[in-house]
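Here's the structure, in structure tokens; my notes come after.
The values are calculated or read from the model by the stated rules, or taken from the named source; none is laboratory data. Computed from a prediction, not measured in an experiment: that's the story for all the values here. Using ideal geometry, Cβ is built from the backbone for each residue, glycine included, and neighbour counts are taken over all protein chains shown.
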Amino acid sequence: MKKLAFAEAGDDTTVSVNNGMNGVYPKPQSVSLDSLEVVANHLESLETDLEMDREVVGDEDFLPDAYFGSYPAESPAASRGFEVVIGPDDRVKITPTTSFPWRAICALRITARNGRKFIGTGWLISPRTVITAGHCVYLHNEGGWASSIEVIPALDGASRPYGSASSSNLRSVSGWTSGGPNADFDYGAIILPQNFRPGVQTGVFELANLNDAQLLNTTLNLSGYPGDKGGSTQWFDKKRTKSVSPRRIVYEIDTMGGQSGSPVWYLANGRRFAVGIHTNGSASGNSATRINASVLTNLQNWKALGA
Amino acid sequence: MKNIKGIITSDGKPASDVVVVIVEGSQSFLDIASVTDQAGEFSFSLQPGHYKARAFKDDLIKETSFEVSDEKSVTENNKAVIHLDF
């Protein structure tokens, strides 16, 4: 059954579908009670976010988006091979993925209406709301709304530390779903089932609408699940903004197919603010849908749906 | 955008669950990965232009360059524009 909802006028008008095919496939949790307490506080108090920079990634107290955001000249070219998008491949593998913000980033297994399968990425902004690209929820040439999307927070190879769930409760905007695809409106959301609330454990991204000058003066971070690495491991890169337009952000962060929908964020005082939703690859610069005022309004509305 | 269809085979037989990505393009392209079905088929939506696709099966990698024409649909007559055999 399709349901339509209208948030505001114009091409950012929200459109939605809910096929009532949600399914939950919980896996054993591996989060400690200490972690649960920190994340719960995170949802209630922004001050708690400041503590998250002291969490441990792997064997070291090291968060690449924090470190390389501060010291970009020291960025590693971790795996200089032929998998090049723009210049050398600077992507860094994130493992384990159980620290914030990595655990709030989700691998997506998309089943289109015509049965074809795709890999994408999403990220949590509330306990049950996952933000992604519009073309991950509504595929124009594959039958429209996806029939189902499996969401796997913090997927790390065979490990699903926060379980997974499938949903067909999807959101996008008329600027994306009506007529031909328009990159300016390429964003959407997945509302997870009531009994699957991973954002409570993982923590969530905050949202920001920066002006042009702020964006151009910012090091952007991007992490997702590229298909050339199998689509089951998370890879990160960061670089400064290359250019902006009212609805797009362009950068030379290395990405690959499967990273559509990834968060594009900046780090400030230990807090992660998403400013874009990664959608496109291009030799002249990869790009994201910019979180401008109207996009922010829709994301906040969708955030409330999954509270 | 044109809907581009491809087929992956292994020793001439359809290969399922192979991940395919676009790695280069003369036009901007959606950064989504396609996964082959039981018939070995996958698809992408692309603007007319020149592209390079790469397929990953186990530890093997195959790639091919192709052109998406503005003149006609490359999926006409159910013909795949991309065919890679492992």
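One residue is enough: does the range A:194-204 have a residue meeting the conditions of a type in the set (S, T, N, Q), part of a helix (DSSP H, G or I) and under 30 Å from A:HIS140 (Cα atoms)?
no
Could you list, in sequence order, all residues of the range B:8-19 that are more than 7 Å from chain A (Cβ to nearest Cβ) and either in contact (Cβ under 8 Å) with a residue 60 or more places away in the chain or on the phi < 0 side of the Ramachandran plot (or both)?
Within the range B:8-19, B:ILE8, B:THR9, B:SER10, B:ASP11, B:GLY12, B:LYS13, B:PRO14, B:ALA15, B:SER16, B:VAL18 qualify.
Considering only the range B:20-39, I want to know if a residue exists there that is more than 10 Å from chain A (Cβ to nearest Cβ), modelled with pLDDT of 90 or more and buried (at least 19 other Cβ atoms within 10 Å of the Cβ).
The answer is no; no qualifying residue exists.
Report those strands (runs of 3 or more DSSP E) wholly inside the range A:123-187 carrying at least 3 residues which are touching a Ser or Thr at 6+ places or on another chain (Cβ under 6 Å) and modelled with pLDDT of 95 or more.
In the range A:123-187, A:148-153 are the strands (runs of 3 or more DSSP E) which contain 3 or more residues that are touching a Ser or Thr at 6+ places or on another chain (Cβ under 6 Å) and modelled with pLDDT of 95 or more.
Among all residue pairs at least 6 apart or on different chains, which show Cβ distances below 8 Å where the first residue, located in the range A:213-238, is more than 14 Å from chain B (Cβ to nearest Cβ) and more than 22 Å from A:PHE100 (Cα to Cα) and the second is surrounded by fewer than 24 Cβ atoms within 10 Å (Cβ to Cβ) and small (Gly, Ala, Ser)?
Close Cβ pairs satisfying both conditions: A:LEU216/A:SER243.
Could you pull out the residue among A:SER243, A:SER287, A:SER260 that is within 13 Å of chain B (Cβ to nearest Cβ), in contact with a strand residue (DSSP E or B) (Cβ under 6 Å, 6 or more places away or on another chain) and farther than 30 Å from B:ASP59 by Cβ?
That would be A:SER287, the only listed residue that is within 13 Å of chain B (Cβ to nearest Cβ), in contact with a strand residue (DSSP E or B) (Cβ under 6 Å, 6 or more places away or on another chain) and farther than 30 Å from B:ASP59 by Cβ.
Filter the range B:47-58 for residues that are over 12 Å from B:GLU24 (Cβ atoms) and of a type outside the set (D, E, K, R); which is nearest to the other protein chains (Cβ to nearest Cβ)?
Only one residue tops the list, namely B:PHE56.
Of all residues in the range A:263-284, how many are small (Gly, Ala, Ser), more than 14 Å from chain B (Cβ to nearest Cβ) and in contact (Cβ under 8 Å) with a residue 12 or more places away in the chain?
2
Mind listing whichever residues of the range A:240-293 are surrounded by 24 or more Cβ atoms within 10 Å (Cβ to Cβ) and either aromatic (Phe, Trp, Tyr) or in contact with a Cys (Cβ under 7 Å, 6 or more places away or on another chain) (or both)?
A:TYR251, A:SER260, A:GLY261, A:TRP265
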